[in-house]
Amino acid sequence: MNKRVWAAVTAFGGELWNLRYDPLPPMSGPRLIGFAPQVSMCLLALYLFAGNDRELNGVYGLGELGTAVALLQSGALVLAMFYPIPAWWLVTAGMVYSAVAGEAQVPMDAAFPWTGEGMALQSAVLFLVALRRPVWVALTTLSASVLAGILCGIVFTAEPHRLTLNIGVWVFVAAVVVGAALRASRVARLELVRQQVLATEERTRRQLSEDRQRIARELHDVVAHHMSVISIQAQVAPHLVKDPPPELLDNLTGIRGNAVTALAELRRVLGVLRSEETAAPRAPQPGIDRIPDLVDNIAAAGVRVEFDTVGTTRPLPPGVELSVFRIAQEAMSNAMRHAPGTSIRLTLGYGRDGITIRVVNTAPTSRPTAAEGTGHGLPGMRERVAMLDGELATGPTPDGGYEVVAVLPVDPVKEWS
């Protein structure tokens, strides 16, 4: 417990001697408007310097030292925009010095221990302290300022003066309350922005995870089918040869065993990825042969769609065909959601080393509603393209439309025919 108390006392004292650079943040907007608070504080310090210098020289009788004190207190207001705690020490020290040194010269009806300008400077510095330091630090400086005024105005004076303690306390309290309220509002806004950024990042991560799980489930169906075929072929192969040698039987038995084991492991991994809400009966995964049906479904929804192919069509590996279908499906769905009234053109280009999917839509005829689309179609396409070591390019077209181009490589040696 003693260690905790000592740590609290150390932190408390450390804040009162905090020399850390803590600039007053500019306002949002153009540069001239953004630095309006800083300019206003400098002009206020210059205006209050003239009156404070006159009071300290004439009423307090400090002469040239009064000018130095007035300059110190006005400079503290400017310094408070960058180093609030040291500025508070300076403005308070200036008040204490002027009160102690000029107490004998101050008439009974003069303001004491703060001049009117000195009170304004003290409250402005307290405002800037409360604006950028924690509430307990602002309350401590407020209490210390009031205590210093009481000591100088009552304890250290030989004659009664027209004390400004009463009005000074109310002015200082108001300055601290306003500064603390503005700081709390600014901190709340920053926290809200931070939470929004974290929520956006979390939604993006969750959507990315869901995309990867969906891709894994789809590829499981493709791979599981071919692993099952391999297992069956290895089981049937011995019956196709009369008197097969034992070596061949052992080899085929090993192939079938490895295929069954791999299929079981694949299903076990998929079970980890599959959540309850996505554990639906699996259907055969679509390929390029299903794209005409996809185009017909979109056209039936009232969207003009053109579909053509370039190059010689040929069968591709099932994983590539599945990705081609999903990329085309997602790109055209995005066009329908985000560009109402658009026309879509889908082109499949077969090359020697791969296939290119290009989806282009024209400029929308109306603005989409805020509820249309989730904004996560592109990450899913990127995942599929990256999985196949392909390339994806997206962006607006000169006529106001949008274009999606995906290039999926196919190894000619491993290509299925």
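The values are calculated or read from the model by the stated rules, or taken from the named source; none is laboratory data. Since this is a predicted model, take the numbers as computed values, not measurements. In this analysis, Cβ positions are derived from the backbone assuming ideal geometry, glycine residues included, and neighbour counts consider all displayed protein chains. With ligands, DNA and RNA removed, areas are computed over all heavy atoms of the protein, side chains included. Shrake-Rupley method; radii C 1.70, N 1.55, O 1.52, S 1.80 Å.
Candidates are the residues of the range 279-293 that are open to solvent by less than 100 Å² (accessible area, probe 1.4 Å) and at pLDDT 50 or above; the one that is farthest from residue 307 (Cα to Cα) is 283. Among the residues examined, residue 335 qualifies as open to solvent by less than 60 Å² (accessible area, probe 1.4 Å), part of a helix (DSSP H, G or I) and small (Gly, Ala, Ser).
Note on the range 338-368: residues that are in contact with a helix residue (DSSP H, G or I) (Cβ under 7 Å, 6 or more places away or on another chain), open to solvent by less than 20 Å² (accessible area, probe 1.4 Å) and over 21 Å from residue 384 (Cα atoms) amount to 3.
Does the range 310-330 contain at least one residue that is part of a strand (DSSP E or B) and open to solvent by less than 60 Å² (accessible area, probe 1.4 Å)? No, the range 310-330 has no match at all. The lone criterion from (1) of a type in the set (Ser, Thr, Tyr); (2) surrounded by 14 or more Cβ atoms within 10 Å (Cβ to Cβ); (3) modelled with pLDDT of 75 or more left unmet by residue 204 is number (2). Put simply, of 32, 46 the only residue that is surrounded by fewer than 14 Cβ atoms within 10 Å (Cβ to Cβ), out of contact with any Gly (no Cβ under 9 Å at 6 or more places or on another chain), at pLDDT 85 or above and part of a helix (DSSP H, G or I) is 46. Looking across the range 155-176, the residues that are open to solvent by 30 Å² or more (accessible area, probe 1.4 Å) and touching a residue at least 12 places away in the same chain (Cβ under 8 Å) come down to 156, 158, 159, 160, 162, 163, 167, 169, 171, 173, 174.
Quick grid of which residues meet (1) among the small types (Gly, Ala, Ser); (2) within 22 Å of residue 97 (Cβ to Cβ); (3) without any contact (Cβ under 8 Å) to a residue 24 or more places away in the chain:
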{"site": "129", "(1), (2), (3)": "no, yes, no"}
{"site": "132", "(1), (2), (3)": "no, no, no"}
{"site": "137", "(1), (2), (3)": "no, no, no"}
{"site": "141", "(1), (2), (3)": "no, yes, no"}
{"site": "146", "(1), (2), (3)": "no, yes, no"}
{"site": "150", "(1), (2), (3)": "no, yes, yes"}
{"site": "153", "(1), (2), (3)": "yes, yes, no"}
